[in-house]
Amino acid sequence: MDINIIDVKNLEHSFGDVKAVDGISFTVRKGEIFSFLGPNGAGKSTVINILTTLLKLQKGTAKVAGFDVAKEPEKVRESIGIVFQELTLDRDMTVREILEYHGRLYSMPKEERRRRTEELLRLVQLEGKGDTRTKYLSGGMKRRLEIARGLMTRPTVLFLDEPTIGLDPQTRIRIWDYIREINQQGTTIFLTTHYMDEADQLSDRISIIDHGKIITTGRSLELKNMLGKDLIYLESSDNRAAAELLRELDSVKDISEKPKGMVLMISGDGTRLLPKIMEMLTGRGIAITTVNLKKPSMDDVFVHYTGRELRDGGAEKMSSAIIRAGKR
Ligand code: ADP
Ligand code: MG
């Protein structure tokens, strides 16, 4: 049986004249890792803040863990953990105090509080740092501590708002590992991110969000298949002649010229087309000097749906520019 742990219908939210959330509906199933992927200002944090009862719901309905966000905010709060976009740790408290204090806020019995604290310190590999004040932790350690705090009360759903923002690549990968581990232990995860690789690597399903609206939802691979166009970069001894020949092929949808070569946007499976292209060009006496095949990335998917790149996406700019050029 499919159980929707989060169920949102026609959510709208304005700050004065700014419509931050503009009619959003979606569901998250029990046990999923679900991501909102979108640029800064898309409305991601606003949705998280409504679902976690930090912002009052203005319009639409939202249920979390079976409870209505507007009518049963306390029940919702008991069911969730939150990791905020900005660090919110008290600098002068120790790592262990942060977790213990959080447990006390939620009236956890002392014994359980202690046990859970040590368990979580192990999970996020901070067991050696229990007595360290948080101001002395690295950025990655602080983030791990925040995740541990979000898990203190064994939430049904853990909300993570941009969990790896500003962290170095190694630390990000470790945090992804913790998120997967937590999920495997049964916690449903709702996360927001503006990093495509993060959404791509972690999520069972992704909603791409922009200007307060969901643009599309799907499994990462589904989104790529929907885009369905491989890219081939090619340099040859005679680029002009090569481009002319390749334009004749049905599966070549677009060619954009580059300083030293060209990028072909093709339909279908590039691994099958590539040998044909090489044979064809070689047969006409054109030597191929460089060739490479690329599957569309989340960045390409985003550009495809929104017509623009994610602003700080850390992505393959080349192919995005091509797809945009090819879109017309
Ligand atoms: P994201 O988390 O995707 O970056 P936000 O939900 O933070 O986006 O913001 C969505 C829009 O709402 C932005 O235009 C932002 O400037 C605006 N906004 C967010 N919070 C407030 C606030 N407290 N007051 C006024 N405007 C806000
Ligand atoms: Mg945000």
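Quick notes on this one:
- Entry note, the stretch 206-290: relative contact order of 31 percent, from Cα contacts under 8 Å with a spacing of 6+ residues.
- Dipole magnitude for the chain: about 300 debye, using +1 per Lys or Arg Cβ and -1 per Asp or Glu Cβ, origin at the Cα centre.
- Of Lys71/Lys129; Lys213/Lys260; Lys30/Lys135; Lys30/Lys71; Lys142/Lys294, those spanning more than 31 Å from alpha-carbon to alpha-carbon: Lys71/Lys129; Lys213/Lys260; Lys30/Lys135; Lys142/Lys294
- Our estimate of slack between Glu127 and Asp269, defined as 0.36 nm per intervening residue step minus the Cα-Cα distance, is 46.3 nm.
- GNM top mover of Thr282, Thr27, Thr216 - the chain, alpha-carbon springs below 10 Å: Thr282
- Quarter of Cα convex hull surface for the stretch 4-48, i.e. mean projection, nm²: 3.3
- Residue-normalised accessible area of the stretch 86-133, expressed per residue, 1.4 Å probe, Å²: 64
- Accessible area per residue for the stretch 228-295 is 57 Å², calculated with a 1.4 Å probe on protein heavy atoms, without ligands, DNA or RNA.
- The chain: most fluctuating residue of Thr193, Thr117, Thr171 per GNM, C-alpha cutoff 10 Å: Thr171
- Virtual spin-label span in nm between Ala287 and Arg219, 7 Å along Cα→Cβ: 4.5
- Förster radius 25 Å - calculated FRET efficiency between Ser138 and Asn40 (Cβ-Cβ, nearest 0.05): 0.55
- Karplus-derived HN-Hα couplings along the stretch 62-73 (A = 6.51, B = -1.76, C = 1.60, θ = phi - 60°), whole Hz, x at Gly and Pro: 8, 10, 10, 6, x, 10, 6, 4, 7, 8, 10, x
- Sparsely packed loop sites in the stretch 22-121 (the chymotrypsin sites (Phe, Trp or Tyr not before Pro) outside DSSP H, G, I, E and B with at most 15 other Cβ atoms within 10 Å) comprise Tyr106.
- Computed from label points 7 Å out along Cα-Cβ, the spacing between Lys75 and Asp22 is 3.4 nm.
- Check: the stretch 28-129 dipole with +1 on Lys, Arg Cβ and -1 on Asp, Glu Cβ, in debye: 280
- P(r) histogram, all alpha-carbon pairs of the stretch 228-295 included - 10 Å bins from 0, percent: 22, 64, 14, 0
- q = 0.10 Å⁻¹: log10 I(q)/I(0) that the Debye formula gives for the chain, counting C-alpha atoms only: -0.67
- Fraction of accessible area attributable to carbon and sulfur, the chain (%, probe 1.4 Å): 47
- Between the alpha-carbon centres of the stretch 1-52 and the stretch 72-122 there is a gap of 24 Å.
- Unit charges at the beta carbon, dipole of the chain: most positive-side option, Pro73, Val303, Ser14: Pro73
- Each of Asn239, Leu264, Ile286 was placed along the dipole of the stretch 228-295 (beta-carbon charges, centred on the mean Cα), and the one lying farthest toward the positive end is Leu264.
The values are calculated or read from the model by the stated rules, or taken from the named source; none is laboratory data. All of these numbers come straight from a predicted model, not from anything done at the bench. All Cβ positions, even for glycine, are placed from backbone atoms using ideal geometry, and neighbour counts span all protein chains on display. These accessible areas exclude ligands, DNA and RNA; they are computed on the full protein's heavy atoms, side chains included. Shrake-Rupley method; radii C 1.70, N 1.55, O 1.52, S 1.80 Å.
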